[in-house]
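Encoded as structure tokens, the structure appears first; notes follow it.
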Amino acid sequence: MAIIKKFRIKSFKNTDPLLEVKNISISFEKRKILDNISFKINPGEILGLLGPNGAGKSTIFNLITGLLKPDFGKVFFGNKDATHYPIYTRTREFKIGYVPQYGGFFSDLTTYQNLKAVAEILIKDTRDQNSRIEYLISKFELDYLRNIKASVLSGGQKKKLVIALSLLGDPKILLLDECFAALDVLTIQMLQKIIVNLQTEERIGIIICDHQARDLLSCVDIAMILSNCKIIAQGTPKELVSNPIAQNAYFGKSFKIN
Ligand SMILES: Nc1ncnc2c1ncn2[C@@H]1O[C@H](COP(=O)(O)OP(=O)(O)OP(=O)(O)O)[C@@H](O)[C@H]1O
Ligand SMILES: [Mg+2]
């Protein structure tokens, strides 16, 4: 954890946000899921999203990517109101990389074919496609799985593939929905380093949601807790863990971070 913390960018003053969610509300069949939610993310900032099952975390990602439209409120990328932009425009124009909670790959294609299929959409030049694919294959140690069909990869191998797919297009905003689930300890550490490197080297904005609260808090700058349709607490990892509201609703009294 100390290694990861060392690289954090501390100040985001005087920057325009990469993404801003403004007063978003959504209900499904009259059941309110999100009520007047607002937050923003700056270039080079990592935001953690915590909350119990069913709190609406994946729904927030769906609203950002455009899979869902809010009943009220707006989604801005930079200073552009993109609330009514379709998914493909958001992905291409605002360079969003997305690791969904489930799926996110083509089952019947091999690891390499998955990467190639997405690279062909996102990267114009064939040589650039190939070099980006090989870089990610090496980074995620997928070489020995190159010709294996995605449907028969293990849970963690599938997750690595989907994370590699999300990075193909050099995203500016990366959305990771339960990216640590199913990964072994060393792979989680590798991914945390990749996330922090993306922050420091590429200055991309990242939102991570995960139930592995310790793993999440060790690589985010700021985190918030979603509960009962609202953001009930937010702050740096240290502030959040010692916040009585966050303790009562989510962490419990004995939860500690280094
Ligand atoms: N398309 C939909 N139609 C109806 N209800 C939906 C839809 N999408 C989400 N919901 C409901 O919205 C609520 C929030 O779901 P969401 O998937 O965002 O939760 P989550 O915080 O990601 O939970 P988890 O930690 O279990 O992944 C749930 O009660 C879910 O049943
Ligand atoms: Mg979810």
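The values are calculated or read from the model by the stated rules, or taken from the named source; none is laboratory data. Note that the coordinates shown come from a computational prediction; the quantities given were computed from them, not determined experimentally. So basically every Cβ, Gly included, is an ideal-geometry build from the backbone, and we count neighbours across all protein chains shown.
The residues of segment 133-159 that are surrounded by 14 or more Cβ atoms within 10 Å (Cβ to Cβ) and touching an Asp or Glu at 6+ places or on another chain (Cβ under 8 Å), listed by number, are ILE137, LYS149, ALA150, GLY156.
Grab the strands (runs of 3 or more DSSP E) fully contained in segment 40-124, keeping just those with 2 or more residues being in contact (Cβ under 8 Å) with a residue 60 or more places away in the chain and of a type outside the set (S, T, N, Q). By residue number, 46-50, 96-99.
Listed here are the residues, each with its yes/no results for (1) among the small types (Gly, Ala, Ser); (2) within 16 Å of ligand 2 (Cβ to nearest atom); (3) surrounded by 15 or more Cβ atoms within 10 Å (Cβ to Cβ).
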| site | (1), (2), (3) |
| --- | --- |
| LYS40 | no, no, yes |
| GLY44 | yes, no, yes |
| SER58 | yes, yes, yes |
| GLU93 | no, no, no |
| SER107 | yes, no, no |
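Residues of segment 225-243 that are touching a helix residue (DSSP H, G or I) at 6+ places or on another chain (Cβ under 8 Å) and not in a helix (DSSP H, G or I): ILE225, LEU226, SER227, ILE232, ALA233, GLN234. Within segment 197-226, count every residue that is under 14 Å from the mean Cα position of the chain (by Cα), away from ligand 1 (no atom under 16 Å from the Cβ) and at pLDDT 85 or above. Qualifying residue count for the region: 8. Picking from residues in segment 168-194 that are more than 16 Å from ligand 1 (Cβ to nearest atom) and in contact with a strand residue (DSSP E or B) (Cβ under 6 Å, 6 or more places away or on another chain), the one that is nearest to LEU153 (Cα to Cα) is LEU174. Cβ-Cβ contacts under 7 Å between residues 6 or more apart (or on different chains), taken from a first residue in segment 142-153 that is over 15 Å from GLY104 (Cα atoms) to a second residue that is of a type in the set (Lys, Arg), are listed as LEU142/LYS160. Identify the residue in segment 149-196 that is under 12 Å from the mean Cα position of the chain (by Cα) and in a loop (DSSP other than H, G, I, E, B) and, among all such residues, is farthest from ligand 2 (Cβ to nearest atom). Top of the filtered list is LYS172. ILE33 meets each of the listed conditions (1) farther than 13 Å from LYS230 by Cβ; (2) at pLDDT 95 or above; (3) within 15 Å of ligand 2 (Cβ to nearest atom); (4) of a type outside the set (Ser, Thr, Tyr) apart from (1). Just wondering, is there one or more residues in segment 235-257 that are over 29 Å from ILE33 (Cβ atoms), within 19 Å of the chain's Cα centre (by Cα) and at pLDDT below 90? The answer is no; no qualifying residue exists.
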